[in-house]
Amino acid sequence: MNKLNFLQPDKNNLSTYLYTGVFLVALSIFIVFLNSFFNKDLISFLPGTISFFLPLILGFIGLHLIRIDYSGMKFLDKVNKNINTNNFNAFLSLLIIFVIIKSLPPLLSWFIIDANIAGDSKDVCTGSGACWTYIKIWFNRFMYGMYPNAEQWRINLSFIALAFLGTIGFFATEKFKKYLTLYYVVVYPVIAFFFIFFFISGGPIFFDFSYGIIAAVISIIIGFFIPSKFKMYYFIIVPITLYILLKYVFFYEELIELGKLEALEWVETGAWGGLSLTFIVSFFCLIFCFPIGLFLSLGRRSDFPIIKYFSIGMIEFWRGVPLITVLFMSSVMFPMFLPEDMFIDKLVRVIIAISLFEAAYVAEVIRGGLQALPRGQYDAAKSLGMGYWKMHILVILPQALKLVIPGIANTFLALVKDTPLIFVVGLLEIVGMLNLAKTNPEWLGFAMEGYVFASVLFFIICYAMSKYSYNLEQKYKTER
Amino acid sequence: MSDKIIQISEMNKWFGDFQVLKNINLEVEKNKKIVVCGPSGSGKSTLIRCINRLEEHQQGSIIVDGNELTEDTKDIEKIRAEVGMVFQQFNLFPHLSILDNCTLAPIWVKKMPKKEAEDLALQHLEKVQIADQANKYPGQLSGGQQQRCAIARALCMEPKIMLFDEPTSALDPEMIKEVLDAMVNLAKAGMTMIVVTHEMGFAKEVADEVIFMDEGMIVERAETKEFFANPKSDRTKLFLSQIL
């Protein structure tokens, strides 16, 4: 047997070192585990400071002993390579493991073990843990704000329909693939707008929307039987004719006025709220701020002084003011400049304000990408006879936008997390509803649960967006 | 109309206060191959970049295929489409495959049907012997292959004139030959070419005339044999003695 040198473990006495090391590490983790989960202190007989540090010291020695290069054991090599490369890293790894073990029991007990979810009043929340009953009771409000309970199916239906329409890209056949960008950039937002404007908002205007849908569906179904030669004329003429027929002949306005046809109840935007409002605001702001930002970034690099200085002015102005004042202005100051009989909905004003605000940031991010491109790309595009727009659309922007996907994702995430600020104009999205609920006299003292709930929701949304942006990056990667 | 496809007269150009091109007079006839050489900083690249107006000149006139290049030239794109250019740094579009690099401009600028453009592109890629790489991206190709693709890309626009801006300067010695071969073939096919290069072997093989530039001026212009056999100016002699 070779001589054991505990200061320098080597391969020759692999098993000795390994057993001792693993035993020490396991022991240290066991001590912390017992202490943390069962409140039993195995080493309480030792003086305070030593008993506090003993697990760390034991684990540290253990990790030192199992740090054997090229031991031939796959798992051991992996552990050594990833968490145990030197003394300092071993120390950090141990510390992190202990902190996790230490913090698990209180978290678990607050979230699950001592938490309550049964019942429907605050009286059931007797434990020391979270009161999920509160979230359960207020769930509707958190999702839909002040939207009337009986009408909430409209929001659900719209969102489900939009989600379904959004996944169309996965089912598109090769033939329609080239229209997908057009669909997502132009058609989809328009459909979404119609859904929200006519369906969620409701009111008599809802009829126009339903006629449109009926006309579209009928003409698409019949369209399958029309020879392709006439298709273009068909799709221009028939839907419009159907729409006009429906509006003025079949369901003429007298029927509506007589009450034989009932529209969806009108719900003003002030009553919208909760998570659904978060989605609506974020969705439209994302859609609007991107093209505006794109044009501002191109404008800032333009040769025409008017366009250039207008863009610079816009960007610097919107970047220079805080979002909260922009929102405040949009609701308080802006209407003063409008003619008296003109009225623009609060929600629309908010969406415009946030879009312009974020567009300035998007513009600067995109400009970064434009500047990163070598001049040769411009030269090559020009030398092939491309004009300004062709050059930008075909050559410059695809590359520049690819470069700035992380930056744009950053801005978009910030936008989503900025939406709670719309409370200053009285629109209550999820965090706003939460603030409202926590001041309800019957439900005082549950702010914590509410904020945890909102954080989880925001995390899910933002993490999904960040994952998506990462996938985009990978998808468009063509170098090497 | 004469068969002079490029006419440059009394052309001057400044970068700020610095005069890069001084009093350039140059006429190029159809199907002629012209090699421009000279020390770095002598304005060779700027000269040919002026020919398709990637740089603007401040004085004098440049007439390309009967169209004068001025500030108000509305359809500069049309003229550029007639003039192919190959760059020192290849400048392929990295986000597009080799085939798409070649078909992009014919489809969008010349409004050629996609199928036709692809056939044409494959034909030209075949000529420069990289048709088998058509579906790869530029980043996956060697420098020589990229430069040959750049030549094919320019040819796909079916230009009347080809400009080469030091096409082999950024390449490994081994790859220079494959690019030069492609250019020699192109020259033999009768293309009008203006080539800025330091490859004197290439000049001797294909050039009809050689132009020597120094300090923004055309110092000497002569038939190829004449140029190498007995250069007139001292500056040219010095340059040739160093480069050969």
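Which of B:C149, A:C131 comes first, and how do the rest follow, when ranked by fewest Cβ neighbours within 10 Å?
Least to most surrounded, the residues fall as A:C131, B:C149.
Find me the longest stretch of chain A that has none of the exposed GluC sites (Glu not before Pro), where exposed means in a DSSP loop (not H, G, I, E or B) with at most 15 other Cβ atoms within 10 Å.
Details: sites that count: A:E262, A:E265, A:E268, A:E340, A:E479.
With GluC sites (Glu not before Pro) excluded where exposed in loops, chain A gives A:1-261 as its longest stretch.
With a 10 Å cut-off between alpha carbons and a GNM built on chain B, which of B:L47, B:L141, B:L163 moves the most?
B:L141
With no other cysteine's Cβ closer than 4.7 Å, which Cys residues of chain A count as lacking a disulfide-compatible partner?
If one checks each Cβ against the other cysteines of chain A, A:C285, A:C289, A:C462 turn up with nothing under 4.7 Å.
Which FRET efficiency value, to the nearest 0.05, do you get for B:E56 and B:L240 by plugging their Cβ-Cβ distance into 1/(1 + (r/R0)^6) with R0 = 22 Å?
On the way: r = 32 Å, r/R0 = 1.48.
FRET efficiency, B:E56 to B:L240: 0.10.
Restricting to DSSP loop positions (anything but H, G, I, E, B) with no more than 12 other Cβ atoms inside 10 Å of their own Cβ, which chymotrypsin sites (Phe, Trp or Tyr not before Pro) remain in region A:283-354? It would help to have the intermediate numbers written out before the result.
Numbers: sites: A:F283, A:F284, A:F288, A:F295, A:Y309, A:F310, A:F317, A:W318, A:F328, A:F337, A:F343; in loops: A:F343.
Filter output for region A:283-354: A:F343.
For region A:1-70, which chymotrypsin sites (Phe, Trp or Tyr not before Pro) are in a loop by DSSP, counting at most 16 other Cβ atoms within 10 Å?
Passing sites in region A:1-70 are A:F6, A:F45, A:Y70.
Could you check what % of the DSSP bridge pairs in chain B are antiparallel, to the nearest 5?
On the way: 21 of 38 bridges.
Rounded to the nearest five, the antiparallel share is 55 percent.
Just rank A:L54, B:L244, fewest to most, by other beta-carbon atoms within 10 angstrom.
Details: A:L54 17, B:L244 8.
Ranking A:L54, B:L244 by Cβ neighbours within 10 Å, fewest first, gives B:L244, A:L54.
Looking only at other chains, what is the average number of their beta-carbon atoms within 10 angstrom of each beta-carbon in A:163-169?
Numbers: counts 0, 0, 0, 0, 0, 0, 0.
Mean shielding count: 0.
Given +1 on the Cβ of Lys and Arg, -1 on the Cβ of Asp and Glu, and no further charges, what dipole in debye does region A:291-409 carry about its Cα centre, rounded to the nearest 20? Present the calculation step by step, with values, prior to reporting the outcome.
Details: 11 positive and 8 negative charges, 105 e Å.
Around 500 debye, computed over region A:291-409.
I need A:W272, B:W108 ordered by Cβ neighbour count within 10 Å, fewest first. Provide the component values of the computation, followed by the final result.
Values: A:W272 23, B:W108 19.
Exposure proxy ranking, most exposed first: B:W108, A:W272.
Around B:N31, which amide H atoms from residues at least 5 apart in sequence, or from another chain, sit under 5 Å from its own amide H, with H modelled in the peptide plane?
Placed amide hydrogens put B:T192 under 5 Å from B:N31.
Would you mind checking which residues have amide H under 5 Å from B:E220's amide H? H placed 1.01 Å from N; only 5 or more apart, or other chain.
B:F212
For region A:27-136, run through the trypsin sites (Lys or Arg not before Pro) and keep only the ones in DSSP coil with at most 15 other Cβ atoms within 10 Å of their Cβ.
Details: sites: A:K40, A:R67, A:K74, A:K78, A:K81, A:K102, A:K122, A:K136; in loops: A:K40, A:R67.
Those that pass, being in a loop and sparsely packed, are A:K40.
Here, each number is a calculation from the coordinates, and none is a lab measurement. This structure is a prediction, so every number in the text was calculated from the model and none was measured. FYI the Cβ positions are ideal-geometry reconstructions off the backbone, even for glycines, and counts take in every protein chain you see.
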